Structure formats: C-alpha cells, structure tokens
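Asks: Okay, here's the structure, questions in a sec.
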Amino acid sequence: MVEKKEVYGHVLNIRRLGRVGFIVLRTFDGIEQVTVKRNIVGEDIWKTFTELGFEYFIRVKGEYVTSSIAKLGHEIIAEELEVIAPSKPLPIDLSDKVEAEFPTRIKYRYLDIRRPKVRAIFRVRSTLLKAAREYFYKKGFVELNFPIIIATATEGGANLFKVTYFDKIAYLAQSAQLYKQSAIPAFGKVFTIGPSFRAEKSRTRKHLTEFWQIDVEKALTTPDELMEIQFRLVKYIYEKIHEENENELKILNVKLEVPEYYHKLSYEEALEVIKRKGFDIQWGDDFGSDEERALCNEFDVPFFVTEFPEQVVAFYYKLKDEDPRMAHRIDMYGPGQYGVEWSSGGLREHDPKRLRERMIAKGLNPESFSWYLDMFEYGFPPHGGFGIGVERLLQTILQLEKIHEAALYPRTPDILEP
Ligand code: AMO
C-alpha cells in the first residue's frame with residue numbers, strides 16, 4: 001500500500017535540477033525531505049515551488065517513499081504544496097552551514113533559535129529540567145515557587161537589580177535562598193526551579209545576569225548526603241539526556257559520557273592543584289575564572305570541593321564547630337575543558353544570634369532581615385541545601401564554549417534585547 005504523508009514546516013533549503021525540485025523542510029520536531037516533480041504536480045504547484053524562499057512556512061502532502069538518494073533515507077514525493085506564510089529574505093543563515101557572528105545571532109535570536117543546532121540545545125535543556133523534576137518527585141521533595149520581587153539581598157549586598165515597587169525600592173531575587181530555607185519547618189525537603197538575577201558586570205564565558213537555578217533544601221542533612229544527592233541528580237540528568245536526546249547529541253556532535261563516580265577534595269587540596277598549575281593563589285582566596293578552569297581540567301568526572309574559608313562564603317553558611325575559620329560550603333564542578341562551577345551549597349546556620357553576628361561581620365544590616373532572623377526562633381530544624389546553575393550544567397554537558405548558548409534569550413550587561 002502506498003503511504004501518504006502530510007507535513008507542515010519551514011523551508012530550510014531548496015534546490016532545483018531541471019524539472020525536479022528538492023526541499024529540505026524543518027518541521028516542528030525534525031527534518032523532512034521533499035521532492036517536487038513538475039510532471040506530477042502540474043504547472044500551478046510547480047510555479048508555487050519556484051517562488052519559494054527560505055523560511056516560507058508550507059504544507060506538503062504526497063507519497064512517502066524510501067529513497068537511496070535522500071540523506072534521511074526517505075522522502076515525500078509532493079502532490080500538494082501550499083504556502084501558509086511567506087518569509088522576508090533572511091538576515092542570517094539558518095542552515096547551520098555558515099554560522100553568523102554571535103552579536104548578529106543574538107540580534108536575530110528569534111530566528112537563530114530555529115536553527116537545528118540551537119533547537120537541539122533547548123530540547124536537551126527541556127530534558128534536563130524534566131529529569132531534575134522527576135528525580136526530586138521520586139525522592140519525595142515538594143516543588144515550591146518563591147517570590148522574585150523581594151525586599152532584601154539573599155546573597156549579600158552587591159549585585160542587586162533595583163525595582164521600583166510603588167513608593168518603595170524592591171530587588172530582583174539573587175536566589176531563592178532565604179525562602180527555600182523558610183519552607184524547611186513545613187515540608188522538610190523542598191526544591192524549586194526558578195530564575196536568579198545578579199547585577200554583575202562580568203563578561204565571561206560563564207556569567208549571565210539572569211540565570212536559572214535548581215534550588216534544593218533539606219532538613220537534618222549532612223555534607224556527605226548533599227554531595228550524594230547532587231551526584232545522583234546529575235547522573236540521572238545525564239542518563240535521561242543520553243536516552244532521550246540521541247538525535248540532538250548527534251546534531252551537536254557531542255559524545256555524552258554518563259559519570260559513574262565523583263571526586264571529593266578539600267579547599268586546601270584544590271589550592272594545591274591550582275598552585276601546581278602555576279597560579280599565585282593564597283589561602284583565603286576564592287577561585288578566579290582561570291584558576292577554576294585549570295582545576296576543572298584536572299578531572300574527567302564531576303568533583304566537589306568541600307569546606308571553604310569563612311571570608312569567601314555567604315552569611316547563611318554554618319561554620320565548623322571545631323574550626324570556625326572554615327565553613328560547611330560544598331561546591332560542585334563539571335569536569336574538563338567545558339567544566340565550570342555547577343553549584344554551591346552546604347549546611348546552614350540556624351542560630352539567629354550567630355546569624356546576626358555573621359550579617360554584621362559581612363557588612364549587612366540585620367534590620368533588613370528581620371523576618372528571616374525571627375523565623376529561626378520557632379523550632380527551626382538544622383538543614384542544608386544547594387543551588388545548581390541550569391545554564392552552567394548544560395554548558396558542560398553540551399560542550400558549549402559560552403554559557404550564553406544555554407539561555408534562550410541571554411541576559412548580560414550588553415544584551416537586553418530581544
Ligand atoms: P551561588 O551564588 O554560588 O549560590 O549560585 C549557585 C549556582 O548558580 C550558578 N550561577 C550562575 N550562573 C550563571 N551566571 C551567573 N552570574 C551565576 N551565578 C551563579 C552557578 C552557581 O554554582 N544560594 C546559593 C546556593 C545554595 O547555597 O543553596 C547561591 O545562590 O552554577
């Protein structure tokens with residue numbers, strides 16, 4: 001029996017050889033090849049074919065046949081062809097053959113996202129988010145949503161975007177930190193996937209001013225458990241992408257290796273590695289971008305750095321009882337050339353008196369955090385958590401040179417539109 005197929009899609013490529021035409025059509029979920037034969041379609045449809053341009057949105061119907069010439073192994077021999085929506089001439093090439101310069105691609109991002117490569121990145125991002133949700137639901141975590149417009153800093157005083165809030169000043173949340181903690185007495189284990197905003201003029205391969213975090217908080221936890229949860233989560237995400245995005249990984253030329261184990265090193269051990277690589281870094285410094293790059297290049301599986309000096313951690317981290325110079329902060333890193341810091345997290349201080357002291361020591365005004373400090377006065381369980389940067393994780397998984405590629409509409413100090 002002859003199989004007929006009807007498809008809708010955008011014209012990605014057109015070629016004509018005498019009385020035969022070829023269209024590569026980008027459908028919403030793949031690519032189709034169409035052959036138009038003048039003797040089959042007749043004069044009117046042939047004319048429509050000859051007038052087609054790139055990105056015309058068309059409907060095609062015809063016989064669906066296997067073909068030894070067609071790249072995909074099958075093609076549609078058109079019997080009907082209809083233009084649903086024509087397109088202006090394109091300002092950028094959408095075929096993945098000639099990639100426009102980055103600023104031009106961003107200027108026309110609403111067209112750029114139609115490219116197979118870009119589309120593949122966001123299909124993988126969608127799998128990543130779905131897998132993260134699945135993982136936490138299976139483990140009994142409650143998904144919550146926290147406010148984006150807030151009255152105080154969550155990560156310290158700098159890097160805040162101000163918002164006019166009627167007759168007050170409000171800020172865009174730097175993270176869900178204070179709010180995810182506030183949910184601990186009610187739920188015990190929670191997560192949220194939401195946006196974070198940082199007014200940082202960092203023009204690097206790994207900074208955005210708006211990015212998404214997978215934010216997690218759990219009562220009665222330990223540093224080992226936090227590392228285990230993160231590693232299992234990341235492994236699950238890799239596995240799901242491996243299972244569900246074979247086609248996208250092929251388009252992006254990425255060979256995905258699901259990590260089977262992780263490494264763990266102390267802050268001091270990490271310093272040694274960085275120093276060995278020729279960097280002049282002192283105890284008490286946080287890792288700069290180049291130092292972090294050197295560190296990631298040492299590993300081929302994800303790794304954690306544990307226990308950071310007090311001066312480089314936010315006020316809400318718990319200090320070690322036995323050595324208050326050190327805090328229970330744990331960062332997770334992606335390995336290799338595309339490796340970056342994936343997450344920060346750790347145990348939290350839940351003694352309001354000590355929290356108040358930490359705030360003052362870090363130049364914050366405890367009065368601005370009065371509800372946060374007060375909540376710890378009502379039977380607050382010990383707890384900890386972490387926040388994973390979605391774009392950072394995707395950057396490593398898909399071997400993206402710049403984090404900007406992992407955001408549909410990236411926001412940086414230079415990019416506000418579209
Ligand atoms: P931190 O500020 O380290 O910690 O952020 C957590 C993770 O978010 C990602 N990230 C970024 N991604 C892109 N652009 C940026 N400018 C940017 N800044 C951070 C990184 C980073 O590891 N509240 C804590 C987390 C916690 O302790 O639970 C926090 O926000 O992947």
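Asks: So SER68 clears everything in (1) among the small types (Gly, Ala, Ser); (2) assigned to a loop (DSSP other than H, G, I, E, B); (3) surrounded by 14 or more Cβ atoms within 10 Å (Cβ to Cβ) except one condition, right? Which one?
Replies: Status for SER68: all satisfied but (3).
Asks: For the stretch 193-221, give me each residue that is open to solvent by less than 10 Å² (accessible area, probe 1.4 Å) and either hydroxyl-bearing (Ser, Thr, Tyr) or more than 8 Å from the ligand (Cβ to nearest atom) (or both).
Replies: Within the stretch 193-221, SER196, ILE214 meet the criteria.
Asks: Got a number for residues in the stretch 162-191 being open to solvent by 50 Å² or more (accessible area, probe 1.4 Å) and under 16 Å from THR221 (Cβ atoms)?
Replies: 3
Asks: Suppose we filter GLU248, GLU243, GLU257 for residues that are within 27 Å of TYR137 (Cα to Cα) and outside any helix (DSSP H, G or I); which single one remains?
Replies: Criteria check complete, one pass: GLU257.
Asks: Here's something else I'd like to know. Residues that are in contact with a strand residue (DSSP E or B) (Cβ under 6 Å, 6 or more places away or on another chain), at negative phi and surrounded by 17 or more Cβ atoms within 10 Å (Cβ to Cβ): which helices (runs of 4 or more DSSP H) entirely in the stretch 88-155 hold 2 or more of them?
Replies: Working: elements: 102-107, 109-112, 116-138.
Helices (runs of 4 or more DSSP H) meeting the threshold: 116-138.
Asks: I'm told ARG16 meets every condition in (1) over 16 Å from GLU82 (Cα atoms); (2) outside any strand (DSSP E or B); (3) touching a residue at least 24 places away in the same chain (Cβ under 8 Å) except one. Can you identify the failing condition by its number?
Replies: The failed condition is (2).
The values are calculated or read from the model by the stated rules, or taken from the named source; none is laboratory data. Predicted model only: the values in this text are computed from it and were never measured. Reconstructed Cβ throughout: ideal geometry from the backbone, glycine too, with neighbour counts over all protein chains shown. For accessibility, only protein heavy atoms count, side chains too; no ligands or nucleic acids. Shrake-Rupley method; radii C 1.70, N 1.55, O 1.52, S 1.80 Å.
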